[in-house]
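In what follows, a structure is listed as structure tokens, so that the remarks can point back to it.
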Amino acid sequence: MASFIMAMTINPAAKKMHPDLSHQVNESLEVFTKNHIKLDLYATLGRYDFLAMFDVPDQTAAFKVAAEINNMGILETETWPVVSYDEFSRLLK
């Protein structure tokens, strides 16, 4: 399994088109459920509105989810592959 963090912001154009975005944001996040991906989801204060941490079989699956969410036009995503600090430390030895 590969681990990823996806940072998401609400698309500024969507804010103008939908005064109440909660339904549209929830529909966008349903992409994880539809792809059978368990995630930890956080709302944030700052540059990003939401952070999702999830594991998928490979990078292709992460690309698929990000593309599906972006294509909906409500959220813009930035996705990073991650490894635990312990695993990173072992790589340096």
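What residue, among those in segment 54-75 that are among the charged types (D, E, K, R) and surrounded by 13 or more Cβ atoms within 10 Å (Cβ to Cβ), is farthest from Leu29 (Cα to Cα)? Don't jump to the end; show me each part of the working.
Looking only at segment 54-75, we keep the residues that are among the charged types (D, E, K, R), and these are 55, 58, 64, 68.
From what is left, the residues that are surrounded by 13 or more Cβ atoms within 10 Å (Cβ to Cβ) are 55, 64, 68.
Details: Asp55: 15, Lys64: 13, Glu68: 10 Å.
Only one residue fits best here, namely Asp55.
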Quick count over segment 14-51, residues being of a type outside the set (A, V, I, L, M, F, W, C), buried (at least 17 other Cβ atoms within 10 Å of the Cβ) and more than 22 Å from Trp80 (Cα to Cα), is 1
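Taking segment 4-13, which residues are in a helix (DSSP H, G or I) and under 29 Å from Val82 (Cα atoms)?
Pro12
Go through segment 30-66 and give me each residue that's assigned to a helix (DSSP H, G or I) and under 24 Å from His18 (Cβ atoms).
Glu30, Val31, Phe32, Thr33, Lys34, Val65, Ala66
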For Phe50, state whether it is under 19 Å from Met1 (Cα atoms), aromatic (Phe, Trp, Tyr) and touching a residue at least 40 places away in the same chain (Cβ under 8 Å). no
By residue number, the members of segment 33-60 that are more than 16 Å from Leu75 (Cβ to Cβ) and either of a type in the set (S, T, N, Q) or touching a helix residue (DSSP H, G or I) at 6+ places or on another chain (Cβ under 9 Å) (or both) are Lys38, Val56, Gln59, Thr60
- Might you let me know whether segment 67-88 holds any residue that is touching a residue at least 12 places away in the same chain (Cβ under 8 Å), in a helix (DSSP H, G or I) and not acidic (Asp, Glu)? yes
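Any read-out appearing in this document is the output of simple, stated calculations on the displayed coordinates, not a laboratory observation. These numbers come from a predicted model, not from an experiment. All Cβ positions, glycine included, derive from the backbone under ideal geometry; neighbour counts span all protein chains shown.
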